[in-house]
Amino acid sequence: MSAQPAVTLELAVEAGEWGDPDGIEALAVTALDAAVQDLVRCEAQPFPVDPPEVSLVLADDAMMTDINGQWRNQPKPTNVLSFPAFPLQPGGKPGPMLGDIILARETIEREAADLGKPVNEHITHLIVHGFLHLFGYDHIENADAEKMEAIETRILTSLNLSDPYGDTEPV
């Protein structure tokens, strides 16, 4: 790990039972640092010297339903949503603010149980997934999904976590 965090993390517990926020913050910092290291090393991602800021919002299904309905016209909960502060294409240099990642606790708990994974492992995956969206990666087209999933898997492997797409449908 780098001496200086790769990003500055602002954590907000907005809704839901998240337990120890310091534990979630430590998990997020580790995941984000691994993601930045991977993007710089493997994707030749330019990165600013001063750590850019990421906002991580911890929500519940009700809050996520409202946000998903308002911004995506899908009034139902989802596990993670990302809102880039500025449009960024993969390989573009980020500015001082990357954007927001929002997680929904109940959905994550259900999915982790269905996948037979620890909740913290699923949270780590979704933080990495959301972070890649802030960098312009998406999974709308098959080729883009394969690229994004390969990067996610590589990052999670660096954290000694399993391939999230091994025997499951993509996020």
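The values are calculated or read from the model by the stated rules, or taken from the named source; none is laboratory data. In this text, all values refer to a predicted model and were calculated from it rather than measured experimentally. For neighbour counting, all protein chains shown are included, and Cβ atoms are generated from backbone atoms with ideal geometry for every residue, glycine included.
Listed values, structure above:
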{"quantity": "Failed item, numbered, when Q37 is tested on (1) in a helix (DSSP H, G or I); (2) loosely packed, with under 14 Cβ neighbours inside 10 Å; (3) not aromatic (F, W, Y)", "calculated": "(2)"}
{"quantity": "Evaluation of T65 against (1) among the β-branched types (V, I, T); (2) surrounded by fewer than 18 Cβ atoms within 10 Å (Cβ to Cβ); (3) modelled with pLDDT of 90 or more (one fails), failing number", "calculated": "(2)"}
{"quantity": "Check on L88, outside any helix (DSSP H, G or I) and either crowded, with 20+ Cβ neighbours inside 10 Å or modelled with pLDDT under 90 (or both)", "calculated": "yes"}
{"quantity": "Number of the condition not met by N120 [criteria: (1) part of a loop (DSSP other than H, G, I, E, B); (2) farther than 18 Å from E14 by Cα]", "calculated": "(1)"}
{"quantity": "Candidate set from region 24-53 (those that are of a type in the set (G, A, S) and touching a residue at least 40 places away in the same chain (Cβ under 8 Å)); member that is farthest from L161 (Cα to Cα)", "calculated": "A44"}
{"quantity": "Neighbours by Cβ (under 9 Å, 6+ apart or cross-chain): first from region 113-134, farther than 18 Å from L58 by Cα; second surrounded by fewer than 18 Cβ atoms within 10 Å (Cβ to Cβ) and of a type in the set (V, I, T)", "calculated": "A113/V119; D114/T168; L115/T168"}
